[in-house]
């Protein structure tokens, strides 16, 4: 449907978008927080303990932080170095989508799946606002691909790689990885009826490989928590890290215990999916319905041209996570590879069965999405964050001109669906990474204050804050030194120190008779919670807070 040259051209464009995003300032809270946690490992030479500020961290396992720490060791402590493991894991995920798509269908489906996966909106976001999900998703789909290959081919290499991928994914975010891998593979086994693959000595090799892969993470948990029953974590003592990761973690997420409840909306992930899988959402929804219909008509009898791994895995897992009491949009990232393969298979089916009428409808929707992207880009460029330099205008012109050229170019309807969707994703996220996020991050107080600290050559170990609940992750990271917490009463006994405070805390210092002789002020806005009034330049000032760095005399 598309040539090899065109395929690699699209890959190059997408990789360019990812590379541009590598150099953006880290986002608060999670991305900067996790970067600081990995930074502390390197600075303190302690790779067994996880700390979130002053508190011991018993939530997510160690692998994401270890990979970031290794990147720091190689390249130095930089925001772009922190993002490297996530981006490489996403590339692994794209290659695994290609491999699994080719295994279940053919090479064309594999190619489409890799393109769809890398351009899904949530995956691009996951590589600029980097949390644990990029690493988790990459190794999870790698494991599913290799284990499915073992079921089909019975090779020792495949089951060993599958077990290694499962171990890496489990060591990144815990039980959810095994649930996704297990349900997907179980769906494949159930439909293909190749249960004999489980009655094989190679399964013992897989168990051994998995055990060896997760051993470092288990030892780290044992060292930090099991050896210290006196530690109180979230109001409880006698916490076992090993018991937590094998049993408690997912139940806490499902029930909201320990982490809190933020949504009881059963349909949260459905309306979230409508945007996280853009620009491929409509293709995925129609593809899912078509696949369900095909199984219903076949009465779920085995057909060589059908596969149940993707649609079965999506159906069961989507239902399962919808019951969770704690929900966030990026929790869906781990399902994106399955959606990518399902969507790619449906697109190929349209081409194979020459369903021209349906393809034209989908193409029309893709043109509409592209139109919205162009309008959004122009509005942001000329109204919200106005372009300031000639090269910004040149970049925008080249992007739009290239889009017009390829969209206008004659090709089949099926190939055109891919072209229009790819350019929707590339234009939107290329612009966001190159222009929107850098301008937006000018209103993130912590990172901006770190620039002032460097400019004024303020000693970073001389900076304090008086509120332990106010996280300062961006300031911590760019100063490469976590800000110490101090009480107001202890400040009275110090001089020649700097205090990082909010507007209200500044008043508190004044009320307690603490004077300062120098003051640096920066704007502050919670950039991950955008509001219309903030985006409107005429009302933006009303939504801004201030952060202060004051020098006590």
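Structure data summary
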{"read-out": "Cα-based helix-to-principal-axis angle, 281-297 vs the chain, degrees rounded to 10", "value": "40"}
{"read-out": "Calculated SAXS-style log₁₀ I(q)/I(0) at q = 0.18, 0.25 Å⁻¹ - the stretch 346-437, Debye, Cα scatterers", "value": "-0.79, -1.23"}
{"read-out": "Relative contact order, percent, the chain [alpha-carbon distance under 8 Å, six or more residues apart]", "value": "16"}
{"read-out": "Theoretical ellipticity at 222 nm over the chain - DSSP helices of four or more residues, -39500 (n - 2.57) apiece, nearest 500", "value": "-19500 deg cm²/dmol"}
{"read-out": "Computed FRET value (nearest 0.05) for residue 300 with residue 388, which takes r as the C-beta separation and R₀ as 51 Å", "value": "0.30"}
{"read-out": "Degrees, to the nearest 10: 79-104 long Cα axis against longest axis of the chain", "value": "10"}
{"read-out": "Point-to-point label distance, residue 80-residue 208, nm (Cα→Cβ direction, 7 Å offset)", "value": "4.3"}
{"read-out": "Calculated on alpha-carbon atoms, Rg and Dmax of the chain in Å", "value": "25.1, 80"}
{"read-out": "Over the stretch 446-552, relative contact order from alpha-carbon pairs under 8 Å, at least 6 apart, %", "value": "29"}
{"read-out": "Rounded, prolate or oblate (a/c below 1.5 giving rounded, otherwise prolate when a/b exceeds b/c) for the stretch 95-147 by Cα gyration tensor", "value": "oblate"}
{"read-out": "Separation between Cα centres of the stretch 224-247 and the stretch 400-449, rounded to whole Å", "value": "45"}
{"read-out": "Crossing angle, helix 133-153 versus the chain [Cα axis fit, 0-90 degrees, rounded to tens]", "value": "20"}
{"read-out": "Alpha carbon centroid spacing (whole Å) that separates the stretch 142-198 from the stretch 2-56", "value": "26"}
{"read-out": "Residue 315-residue 488 FRET efficiency (beta carbon distance; Förster radius 56 Å; 0.05 resolution)", "value": "0.50"}
{"read-out": "Footprinting exposure proxy for 243, 161, 385 (fewest neighbouring C-beta atoms within 10 Å first)", "value": "243, 385, 161"}
{"read-out": "Ascending count of other beta-carbon atoms within 10 Å, so fewest first, for 201, 275, 473", "value": "201, 275, 473"}
{"read-out": "DSSP-defined beta bridges in the chain - what % are antiparallel, rounded to 5", "value": "80"}
{"read-out": "Proxy reagent accessibility, fewest Cβ within 10 Å first, across 98, 191, 302, 339", "value": "302, 191, 98, 339"}
{"read-out": "Rounded Å value of the spacing that divides the Cα centres of the stretch 490-553 and the stretch 205-223", "value": "46"}
{"read-out": "Kirkwood-Stokes translational diffusion coefficient of the stretch 87-352, alpha-carbon pairs, 20 °C, 1.002 mPa s, µm²/s", "value": "112"}
{"read-out": "For the stretch 356-442: relative contact order, % (alpha-carbon pairs under 8 angstrom, 6 or more apart)", "value": "49"}
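Every number here is computed from the coordinates shown, using simple stated rules; none is lab data. Given the structure is predicted, the values throughout are model-derived calculations rather than measurements. Positions of Cβ are backbone-derived with ideal geometry, glycine not excepted, and every protein chain shown enters the neighbour counts.
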